[in-house]
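The next block holds one structure in the form of structure tokens; read it before the comments.
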Amino acid sequence: MDLFMMNCELLATCSALGYLEGDIYHKEPDCLESVKDLIRYLRHEDDTRDIRQQLGAGQILQNDLLPIITQHTQDKPLFDACIRLMVNLTQPALLCFGKVPDDPAFRHHFLQVTSYLQAYKEAFADEKIFTVLSETLYNLLQLDWEQRAEEDNLLIERILLLVRNVLHVPADPYEEKNVDDDASIHDKLLWAIHMSGLDDLLKFLACAQSEQQWSFHILEIISLMFRDQTSELLVNAGQMRSAQEKQKDMQELELLRQKELAEKRSRTLLRGARHSRFRGSYVIQGLKAIGEKDVIFHQGLHNFKNYSHDVGKPTRRVPKRKQMAQDSENQRRSALNVRLFLREFCIDFLENCYNRLMYLVKEGLIRERAQQHDETYYLWAITFFMAFNRHQNFRPDVVSETISNRTFHFIEKNITNYYEMMLTDRKDATSWSRRMHLALKAYQELLLTVNEMDRSKDVNIQHSSNVIKSNIFYLMEFREIFLTLLRKYDERMQPRSFLRDLVESTHLFLKMLERFCKGRNSLVVQKKRVKRRKHSQKTLQTEPTPEDLEQTWQIVSQELRLSESLTQSAVPFDATSETPVDEQRTEALGRIQDCIMSCAGPEALSLLRAARRKLSNFYSMLVLIYFLKEISLSFICYCLVQLDESQHNVMYSFLFANPSVVRPYIILLRSYSQNSVHTNHCITRMLHRLAVDLKMEALLYQLSIFSMFNKILEDPAVAVYQELVTFAKYVLNRFFVFATKNNKAFVELLFWKNVGAVREMTEGYNKDGEGKKKSKWTPEEEEQLQRLYEEYKDSGVPDIVETILPLLSISHTRREVVSHMVSMGLVDSVKDLKKERYDSFVKPVPWEDYEENPLFIVFSVIFIDVLGNILKRITAKRSRARIVDKILSMGLVSDRRDLYKKRKPSAPGRSSGMTEEEFFDLTGEPREKELEIEEEEEDKSDQDEDEQDYEELVDNSAKEGQKSMSRDNSLKKIHSLRNMVQTLQQQGLSGPVLWLQNSLNRTADDREEDGVSHPVALVPLTEENEDAMENKAFQKLLRAVGIRAPTDGQESFWRISSSLSVHQLRSVAASLDMVEETAAEGDSEGNQENSLTVEMEDNDNQEMRAQALRALLLSRQRKCASSKSKGKYPTYLVMPMLIILLEAKHWSDRIEEKISKKRRRVLDDDDDDDDDQRGNEQ
């Protein structure tokens, strides 16, 4: 159907609706069918929205649809159809076109549809129309939930959508040129809503328990009602202005008058007393023209100030992508009666509806039951109504739903999301920027509300504000959000109003932080810090002597014997704290030791028991007292780093000393004449923090900043900006003083400077090689260096330079030693002595003899994640690579892969624990020996024998643990391969399995002969093998064997990996052969093999358990003997030895549980086999 026929049919359909005679509308018999036809036409319109434009040009809504719903309300089908059609006609143009079109033709259609919508909005500004809508909505809401039909709910939703669409229509700036306090079309529409009582129905829907499903519609309608309003204007509507407000207005008026007089005076001074008819010509000295002569100026002197070389040149066009973002804020003052009605609406809404509606909307947003971008209405409601409540009689209880840490987190998350989308979705960056601005204003209003709560006289309100402030000041994401936004500010996508709100919010946050820190002795903040070793001559704490520690322990032990009960309320750890568990553990040990030093034995024992409950199972009193003595005899130095008020403020302000942060402030300062007094104060205060508080005025030594200062100082109304003038003079005076000391100061004006450049400017520039003294090597030192290198070059040490450095008679740096070894010809290049990479900021520490014992014990006992557990329990900070090298050099493992993390066994049930008698019976040591171990003194021969037994036990336990693990893994792999091959044989794929086995054997023979491993492709030459390669079960077998799948787009065949050794290939092939031979023998042999495996594991684990516990007991004997000979334990042994016994018991219980589970499984299998045999016999 072409366009002409469509127009004819559309005209005929519109004529069949009816006609208007005077004020009475006469509908035709086919009116309902005609309305449905129009809905059908709109459903099939093209991209230009031709049907919508033709209906708008024919004014169908004004002349037909609105009279029908006002005069024929009783005809319910016709009324429903007309409401449905009007909802379609009034939907926003952005929904019709998706976005503002870039194409000029589609842009014309977009503007045409918008003009028709503005005409619809003017037609709806009638009290009769909204009276009909409100009455219909009231009758529907009177029905109970059970009595409502589906059509009733649809009609309620369509009425709300119709009101939303009409309110959403933008104002026409060319038609509505009304001044403030004059009624616009939007004001007339709001007044019609008020007179019809629809506003009361909206408040009822917002607070009714049974109408929760309309919460998003209600919030959107309310936001559109207050679209052009500000909370300050509504609060002051109809009220007498106070004397303070009048005085403020008079001051602003006086400032404007002073500006005007100053500009008039400056123009008078530039103009001469006698008018120059011919204006004259002047030579500008010092300003060269195109040639060698000075510029000749042919205008009056009063125009010389505006002279530029660009006068007369065509204006350079700025590309659209580089143009500055424009502000879209339109605020106007409505008529007084409208403002009074909206003010009363806000008061009632806050009293009865705000908390409940915001709760429902927040739940819908979190559970993703809302439409896209509906969170913007939530953010607007927070900004508007909390500001209204703050200016009106401030009551935190009416906005308590949005005063919480969850709201801060929600807004911060949305700001981050909007910024990321602004970077990724470049085409719609302007919309994302507006949303981010809305979220920033909501965040600012939350800070203002918390600040207002802090000034309240109610103690409870002040306490609530302190709780909120402690969270937003302690957490890093809340604290650094303003820094991030300032650094990422882009004036091409974010308007000047966004920067203004950002600067004012940052100023408010810093003021609140300063007030929060004031009066506090310390403030602990979450931050990243790098620990560096400081060489200090004075020690803050003196270590107590072993005699003092022993004497203190005697007093505490006596107190423990006399005590009857322990404290039950000891809390060693804070589960909600952000501090890592390892740091909390060290702090808990320090608290326990403090209790011991203060002779508070029961409290120390209670803390230790509570700490062990948090970290592992409950242990006997004897073991806890033993741990307590270990802690008391070792000096643990711990401290909490705290910052006082001045330190914290300076440290946080130091983060703003960055050119990317200063630059947005200078951008906003350019429009100082249009800024408010408060905005200029915020800018000046931040620059004052950097220049005066941090003493980094050199950060502002930049030519654009000085040009701005010059513009401010030459402004005729300079008296208005007294604060800016004072600061500008201070910075300029400091610069001219600095220029006398630094002859490069004027060159530095051309560049933005960071903190490092500022330090170089003020303290002096560092030249290349300056301050570095070239070390001189004597012949004796060179001889010593050569001797040490010859001695250790073939010793196999991981880093020969690190080994030589502590052995040199005179200390040298690593770089000096390496460079001198190259110059001496000991090595060819520096790359030969390249330092191995290890963990950052972990300085290598030489291994001591007494550090090997904990490494032996931890490796022997904890065999699930060996390397991870050793890293947790080694007190001296070492890297993973160094611990692996040490374990390899000690011979504990033969391959690095044995130290990889193994899969943990399944979690056992609740352990029943181990009694002390079982522990000593298992280890073979008498109980009396443990009780009197601190009083016995053994001779040297017994000690040597114990040491030999200890070393043998540790070696055996390590080897047996490795054997049992490797045996367990191999058996599991063989069992899984057997199941796969059996499945494939049942599917008739025995031939491909045999082909795979032959390929593995052939590859193993080739690799053994050549001595080189290369990936070998599996090329199926038969059709049977080709089909098998496409079978998923056969592919699973290939992956289990270790054959790599082909790479997408690069390879076509599966390949035997080059990492498989000859032994591995033959063992896998043998397992396939074994499975093939034994597959038909039944399950009896498999059950026997399982039982044999369980028995082997049972014996191995039981033997390993006894050896590990015996090794622990012998290690404690050695520690006691060495402590009595030396006077005290080494500090490095304290933490590992305290934890080892607990880990040994924990893993022994898990091994026992695992063995018992396997026994039960084997017994169950035997019972099943017996039942099967009985069934066969019967």
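The values are calculated or read from the model by the stated rules, or taken from the named source; none is laboratory data. In this text the structure is predicted, and so the values were computed from the model without any measurement. Methodologically, a virtual Cβ is constructed for each residue, glycine included, from the backbone with ideal geometry; neighbour enumeration extends over all protein chains shown. Please note that ligands, DNA and RNA were not included when accessible areas were found on the heavy atoms of the full protein model with its side chains. Shrake-Rupley method; radii C 1.70, N 1.55, O 1.52, S 1.80 Å.
Summary table below
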{"read-out": "Solvent-accessible surface ranking, highest first, for Ser990, Ser231, Ser809 at 1.4 angstrom", "value": "Ser809, Ser990, Ser231"}
{"read-out": "Peptides 742-750, 462-470 ordered by average Cβ neighbours within 10 Å, highest first", "value": "462-470, 742-750"}
{"read-out": "Area accessible to solvent at Tyr474, 1.4 Å probe radius, in Å²", "value": "80 Å²"}
{"read-out": "Which of Leu502, Phe394, Leu440, positive extreme of dipole for the range 361-510 (C-beta unit charges)", "value": "Leu502"}
{"read-out": "Between the range 1-68 and the range 80-127, the alpha-carbon center distance in angstrom", "value": "15 Å"}
{"read-out": "The range 108-239 - convex hull of the alpha-carbon atoms, volume per residue in Å³", "value": "132 Å³"}
{"read-out": "Net lengthening on full extension, Glu763/His678 (0.36 nm per residue, minus Cα-Cα)", "value": "27.0 nm"}
{"read-out": "Summed residue charge, Cβ within 14 Å of Trp145's Cβ, Lys/Arg positive, Asp/Glu negative", "value": "-4"}
{"read-out": "Rg ratio (alpha-carbon, reference 2.2 N^0.38 Å) - the range 372-411", "value": "1.21"}
{"read-out": "Given charges at beta-carbon only (K, R positive; D, E negative), |dipole| of the range 89-183 in Debye", "value": "360 debye"}
{"read-out": "Principal axis dimensions, the range 372-483 - Cα atoms, whole angstrom, descending", "value": "50, 29, 19"}
{"read-out": "Binned Cα-Cα distances of the range 166-267, short to long, each 10 Å bin given as a whole percent", "value": "11, 27, 25, 21, 10, 4, 1"}
{"read-out": "Evaluated at q = 0.16, 0.22 Å⁻¹: base-10 log I(q)/I(0), Debye formula over Cα of the range 12-134", "value": "-0.78, -1.33"}
{"read-out": "Tensor-based shape of the range 284-338 (alpha-carbon gyration tensor, a/c under 1.5 rounded, otherwise prolate or oblate)", "value": "oblate"}
{"read-out": "Solvent-accessible area, 1.4 Å probe, carbon plus sulfur percent, for the range 377-481", "value": "49 percent"}
{"read-out": "Cβ-based charge dipole, the range 704-833, positive-most Cα from Trp777, Asn742, Phe727", "value": "Phe727"}
{"read-out": "Area of Thr726 that stays accessible when all protein chains are in place (1.4 Å probe, Å², to 10)", "value": "80 Å²"}
{"read-out": "Radius 10 Å from Cβ of Ala698, net charge of other residues (Lys, Arg +1; Asp, Glu -1)", "value": "+1"}
{"read-out": "Positive-pole candidate from Val113, Asn139, Ile159, dipole of the range 75-175, charges at beta carbon", "value": "Val113"}
{"read-out": "For the range 742-832, size of Cβ-based charge dipole, Lys and Arg +1, Asp and Glu -1, in debye", "value": "620 debye"}
